[in-house]
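Worksheet for the structure shown next.
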Amino acid sequence: MHKPARTWLGVFMTGFAVIVALFLVTLFTQPAEGGLTRIGRVSEDAFGWRSVPPDIPMAHVRGWEPADTDILVIGDSFSMYYAWQSPLVAAGYKVATTHWDRSGPLCADFPAWLTSIGFKGRMVILESIERLLPERLEQAQGCKTMIRRPLKALPVPTQSPAQPAPGFRLNWESPLTTGLITYLNTRQIVKTHGVVDVEHERFGDYIFSSPVADGCRQFSSRVCDKSLFLTADRTNRELQPRDAEFMSTVAHRAAPVKVMWMVVPNKTTVYLDTHNAAAFVARSNALGVGPDLFAMAQEQRLRIIDLYWPNDTHWSMQGQLYFGNRMVDAVRAAGLEPLP
């Protein structure tokens, strides 16, 4: 064989070997199940949760249309599991759930909008994650007329949201380099004592890892002394007392319908930046706009393992049921009992 031919054959075989190696590494890299492991391309095996979720009967995973309900929930991804609402359903309340994307901002004509969608219930629960609430409030302050269109409840899950932790499966779907990138990102996180910003080729710094004090009392993941967090938790504007005051204004507009705000603290606020939004929380409590989930989360994070999933920014099913039961307490304290 001529030397040029041997050279090209060697290059081809080397390239083929590299491709096969990358393929095998990716194939045996467990696919990411959590939002943060997926975005950051971090090992699911290292940061996936392993706790046993509580039972959520499908009989309680239900939804009604706004015209047929006691309580209308306008929420974000925390409400899309229909999990925290299940204690309300178990207590006898009819609950309709929709997303902020469908309702749009809560403009000045919010009470008229409730009538326009056929809502005849007695309470609206406005659920929002902390980091997105400033933007939602600013949009509401700057508008007069809400979207006028039929409002349908979101589809109810076809199976209970309380499923066991996913087992290992081969990764056939991910790009060829995923396994190597996941290995390198995870190794950097595990070996670094402090914060690690995880780069994403499309989104830039999108998540970060950080040590968590007493982390192994709080997370069931194999790497439990650290956790993953969304960068936006720290870059979005902090909630202020003036935000609580506007939330109170929105609630009073809707009378006689009761409005309860359900502000979900960021995962970063719960585990790292524990004094974040403290002035907002104090003013919110003084005005009575909704239950103090910030204090509840601080109290329970050392009692409920995986209150928030280690590989995600959301509550686990343990967290969903805990906060759902506290919402039942808050609804009853507001004087709303289920209709017979």
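Read-outs: derived from the displayed coordinates by stated rules, not from any lab. The model shown is predicted, which means the values in this text are computed figures rather than measured ones. Backbone-built Cβ (ideal geometry, glycine too); neighbour counts: all protein chains shown.
Could you check the simple spin-label distance between Ser116 and Ala295, using points 7 Å along Cα→Cβ, in nm with one decimal?
3.8 nm
Compute the Kirkwood hydrodynamic radius of region 260-325, taking the inverse of the mean of 1/r over all pairs of distinct Cα atoms, and give it in Å to one decimal.
12.2 Å
Looking at the square roots a ≥ b ≥ c of the eigenvalues of the Cα gyration tensor of region 96-148, which shape do they give, rounded for a/c under 1.5, prolate if a/b is larger than b/c, or oblate?
It is oblate, given that a/c is not under 1.5 and a/b is not larger than b/c.
How large, in Å, is region 204-340 by the Kirkwood hydrodynamic radius built from its alpha-carbon pairs?
Radius from the Kirkwood sum: 16.2 Å.
Restricting to DSSP loop positions (anything but H, G, I, E, B) with no more than 11 other Cβ atoms inside 10 Å of their own Cβ, which GluC sites (Glu not before Pro) remain in region 180-246?
Sparse-neighbourhood loop GluC sites (Glu not before Pro): Glu201.
A 23 angstrom limit on the alpha carbon distance is what I want to check against. Which of Lys144/Lys258; Lys226/Lys267; Lys94/Lys258; Lys120/Lys152; Lys94/Lys144 exceed it?
Table pairs above 23 Å Cα-Cα are Lys94/Lys144.
Mind ordering 135-142, 42-49 by average Cβ neighbours within 10 Å, highest first?
Per-residue mean Cβ counts within 10 Å order the peptides as 42-49, 135-142.
Mind checking Rg over Rh on the chain, alpha carbons, Kirkwood formula for Rh?
Dividing the radius of gyration by the Kirkwood radius yields 1.06.
Excluding same-chain residues fewer than 8 positions from Lys191, which aspartates and glutamates have a Cα within less than 15 Å of its Cα?
Asp225
Quickly work out the Thr249-to-Asn285 label distance, labels modelled 7 Å from Cα along the C-beta direction, and quote it in nm with one decimal.
Going from the Asn285 label point to the Thr249 one covers 2.5 nm.
Divide, for region 43-91, the radius of gyration over alpha carbons by 2.2 N^0.38 Å, where N is the residue count.
Taking N as the residue count of region 43-91, the ratio is 1.48.
Using Cα atoms only, what is the angle between the long axis of helix 178-191 and the major principal axis of the chain, expressed in degrees (0 to 90) to the nearest 10?
80 degrees
Please say if region 54-189 is rounded, prolate or oblate, where rounded means a/c under 1.5 for a ≥ b ≥ c the square roots of the C-alpha gyration tensor eigenvalues, and otherwise the choice is prolate for a/b larger than b/c and oblate otherwise?
Oblate, because a/c is 1.5 or more while a/b does not exceed b/c.
How are the C-alpha pair distances of region 184-246 spread across 5 Å bins, as whole percents from the shortest bin up?
Computed distribution, short to long bins: 4, 16, 20, 20, 15, 11, 8, 5, 2, 0.
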